[in-house]
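Structure, as structure tokens:
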Amino acid sequence: MSDRIHTLSGYFYEYQKSVTEPENFWARIADSFHWKKRWDKVLKWDFEGPNVQWFVNGKLNITENIFEKNLFAYGDRTAIIWESNDPNEEGRKISYRELYHMVCQFSNALKAKGIQKGDRVIIYMPMIPEAAVAMLACARIGAIHSVVFAGFSSTALADRINDCEAKAILTSDGNFRGNKKIDVKSVVDEALEKSSVETVIVCKRTGQEVMMEDGRDFWWHDVIEGKDDMNVATEVDSEDPLFILYTSGSTGKPKGVVHTTAGYMVYTKYSFENVFQYSPGDIYWCTADIGWITGHSYIVYGPLLAGATTLMFEGVPTYPDPSRFWQIIEKYKVNQFYTAPTAIRALMSYGTDPIDPYNLDSLKVLGSVGEPINEEAWRWYYTHIGQSRCPIVDTWWQTETGGILVSPIAGITPTKPAFATLPLPGIQLAIVDPDGNELTGNSVEGNLCVRFPWPSMIRTTWGDHDRCKQTYFSTYKGMYFTGDGVKRDHDGYYRILGRVDDVINVSGHRMGTAEVENAINEHPLVIESAVVGYPHDVKGQGIYAYVICDMSHRTEENLVNEIKDTVSKIIGPIAKPDKIQIVPGLPKTRSGKIMRRILRKVAEGSTDNMGDTSTLLDPEVVNQIIAGRK
Ligand code: WTA
């Protein structure tokens, strides 16, 4: 607990130490973990390669730091509280000791199926405790997990299986979400027509009928049958990959962000304990899905490393009605609640009636993540959920950063609506202008970079190191470029302004415009398309697609619906465009480049001043696009 920040001056002291003596700073924190062999050197790095190594030559297993290290101290403490999609189904409470045995037993089952250290294992599962068991069992044997959000389509799943050459898939029969029963295993079956794995392990959740291929597909309950519920954790190197998580970027193909073991372990625990000011016995709830980085770092690894009780919810905020979140907070006396602005905005629209019947007095800290939180949503969250007494931690970070980089320390850093406030210890930010000149001092606005490594940062993109270099380390020399715009105000506080690249953030989900365009273009009647984001009241950003089509075979309405279905099939329902406008042409320069600036303006409805359009091949097309705006 000595790593806990308790006061504002403590924060400044720690921050200063982390900058002047970074190696000593992180060594002190890493010393509280269990190492099979201590590291030789804390940090080796250059951002040219990039080549970043933390706790060099250290040997460990992250699950020993969750279990063996602590079982005698708090084996009986609840590790996971699971709340079903159905409020009438009894939840589950799993202690650290029980979870340890589940993880050991399942990791023994994986070994028996021939899964070894370094093998890639895809996890395509709903929000059930076995999904966390699956992740931890992989980590226990040194296999690299790659969780794919269970809402992604079979095509998206197949792409990921192929990219990381997965040996096995861990999945379920189906998934309960709201009033829907969603097929899961059949999506895996479809994906495996375009890819292959040796083993599929299926956890029974919905009990629906599924196809089981002989010799390839096995039931979870069968593979653990008779397996020992103890084992020795496999020794891995500090820099051995812990997991790959695919995320969208500016180009069409999602990239596999690689996180390694020791640095990720140290940073997720440290940031979790400090940002949320977690104390033993508190009930902590993060509403993310384990398919996203937030679920990895702040449902599973960070909280479990810190000995926290982490709540896992299978369902959705509006089922059976929009009071479900508040019901759950009352039911379990949740102390820290961490959700996304899109959920807050959606729930705001129901007013305070769904909240009033529930006792939210247990709450101590509220968190926000995934996209900029607008002031109105911030104030509503603060007043109605936090009863004007709970600090909000607006946490800025990314799949690539592994953990929270900019955030208030709950109850310690004075907050300001819509500001992520200040960097955590160890995080050295820089704001640069488009030419790469650093903007020093306060009251500046530019692109957000990080100039010094932190333990949980991305190491590479799977199978393509150059892509990692090009995407993050080439735009501004010697710095990690986040892709976000930022403002540092007169108080030195950071406010994230959103993406400055071709990534859009829809309900907190990252989507590459090129990725959506590629999916649209799969429709046989589509000739060309261009996708941009536009402001959306609930989702933060919506997807607006301009599409050139062969119109001779369909009505416009049918075509629009078919295009939406195509995108759903290729990526998943989350990528479905909100608006599709069929256009006669796209605003292109003479060199054939689409002027997205114009398309963004039309999509957001600011069509009075289109700026300079003289370099366009056909300026008239702009008027046609404005006239047909959706
Ligand atoms: C955005 C999610 C403003 C940002 C953890 C970032 C935010 C992208 C915030 C990463 C925040 C995340 N305020 N914007 N508090 N948190 N973002 O990889 O644009 O799914 O680059 O990681 O979400 O999304 P990702």
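The values are calculated or read from the model by the stated rules, or taken from the named source; none is laboratory data. If you're wondering where the values come from, they're calculated on a predicted model, not measured in any experiment. Backbone-built Cβ (ideal geometry, glycine too); neighbour counts: all protein chains shown.
Give the range 404-419 a look and list any residue that's within 17 Å of the chain's Cα centre (by Cα) and more than 9 Å from the ligand (Cβ to nearest atom), or say none. Within the range 404-419, just LEU405 meets the criteria. Screening TRP326 with (1) among the aromatic types (Phe, Trp, Tyr); (2) more than 16 Å from the ligand (Cβ to nearest atom); (3) touching a Phe, Trp or Tyr at 6+ places or on another chain (Cβ under 6 Å); (4) under 19 Å from THR294 (Cβ atoms) gives one miss only, at (4). The conditions of being aliphatic (A, V, I, L, M), in contact (Cβ under 8 Å) with a residue 40 or more places away in the chain and assigned to a loop (DSSP other than H, G, I, E, B) are met by VAL538. Looking only at residues of the range 245-292 that are under 25 Å from ASP502 (Cβ atoms) and in contact with a Leu (Cβ under 6 Å, 6 or more places away or on another chain), we find that the one that is surrounded by the fewest Cβ atoms within 10 Å (Cβ to Cβ) is VAL257.
Only a single criterion out of (1) over 19 Å from LYS539 (Cβ atoms); (2) more than 14 Å from the ligand (Cβ to nearest atom); (3) in a loop (DSSP other than H, G, I, E, B) is not satisfied by TYR350, namely (1).
Here ASP537 meets each of (1) touching a helix residue (DSSP H, G or I) at 6+ places or on another chain (Cβ under 8 Å); (2) at pLDDT 95 or above with one exception, condition (2). Any residue in the range 589-598 that is of a type outside the set (Val, Ile, Thr), within 29 Å of THR247 (Cα to Cα), modelled with pLDDT under 95 and in a helix (DSSP H, G or I)? Within the range 589-598, one or more residues are of a type outside the set (Val, Ile, Thr), within 29 Å of THR247 (Cα to Cα), modelled with pLDDT under 95 and in a helix (DSSP H, G or I). Scanning the range 514-532 for residues that are part of a strand (DSSP E or B) and away from the ligand (no atom under 16 Å from the Cβ) gives VAL526, ILE527, GLU528, SER529, ALA530, VAL531. In the condition set (1) modelled with pLDDT under 95; (2) under 18 Å from the mean Cα position of the chain (by Cα), PRO455 is compliant with all but (1). Contact map, the range 294-305: residues that are more than 16 Å from TRP396 (Cα to Cα) and away from the ligand (no atom under 12 Å from the Cβ) paired with residues that are of a type in the set (Gly, Ala, Ser) and in a helix (DSSP H, G or I), Cβ distance under 6 Å, separation 6+ or inter-chain. Pairs shown: VAL300/ALA132. Of the strands (runs of 3 or more DSSP E) contained entirely in the range 11-111, those carrying at least 1 residues that are more than 25 Å from GLU273 (Cα to Cα) fall at 41-46, 51-56.
Scanning the range 404-421 for residues that are at positive phi and assigned to a strand (DSSP E or B) gives a single hit, THR421.
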